[in-house]
1. If each DSSP helix of 4+ residues adds -39,500 (n - 2.57) and the sum is divided by the residues in the chain, what number results at 222 nm, nearest 500 deg cm²/dmol?
2. Where does each of 3-11, 49-57, 95-103 land if you order them by average Cβ count within 10 Å, highest first?
3. Across all directions of projection, what mean area in square nanometres is found for the Cα convex hull of the chain?
4. With the cut-off at 1.5 for a/c, could you classify segment 1-50 from its C-alpha gyration tensor as rounded, prolate or oblate?
5. Any idea how far apart Q82 and T22 come out in nm if each label point goes 7 Å out from Cα toward Cβ?
6. Could you name the aspartates and glutamates whose alpha carbon sits less than 12 Å from that of K60, not counting residues in the same chain fewer than 8 places away?
7. State, as an integer percentage, the relative contact order of the chain based on alpha-carbon contacts under 8 Å between residues 6 or more apart.
8. Taking the convex hull of the Cα atoms, report for segment 33-72 its projected area averaged over all directions, in nm².
Amino acid sequence: MLLTKSEQKEYYQKNKTRIKETYKRYALRKPWLKTLSNIRQRCGYAKDIKYGCYGGKGIKCFLTLSDLEFLWKRDGAESMLQPSINRKDVKGDYSLDNCQFIEMTENRKKAIHKLFCS
């Protein structure tokens, strides 16, 4: 049974706390889920503040949840303080062979370097 937008909104308002708690438990078991959500948002949603730097430049997301889980485990992201997804080729898409998890501080340094050295 599909709900209308108003029914969805009403359901969410009535169950907001339970929905958020369920999401938190799921996010703790699968921390790469939020990463995939963020990637899809900045690549595919024109109203996102970061869209111009990603989707607006033609960068697409070809990663699946299982791809991100693989990258998470391969790169040892669970032992990082703040794991961050990094595209090896900044002009390339989000794909399995072009992405890796690195520390957020390292990723920020790369971003600053690209700003001043490009």
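1. -17500 deg cm²/dmol
2. Result, highest mean first: 95-103, 49-57, 3-11.
3. 9.4
4. Oblate, because a/c is 1.5 or more while a/b does not exceed b/c.
5. Label-label distance for Q82 and T22, simple model: 3.1 nm.
6. Cross-link targets: D93.
7. Reported as a whole number, the value is 17 percent.
8. For segment 33-72, averaging the hull's shadow over all directions gives 2.7 nm².
The numbers here are math on the coordinates, done by the rules we state, and not lab data. From a predicted model like this one, the values you see are computed outputs, not experimental measurements. Ideal geometry is used to build each Cβ from the backbone, glycine not excepted, and the neighbour counts take in all protein chains shown.
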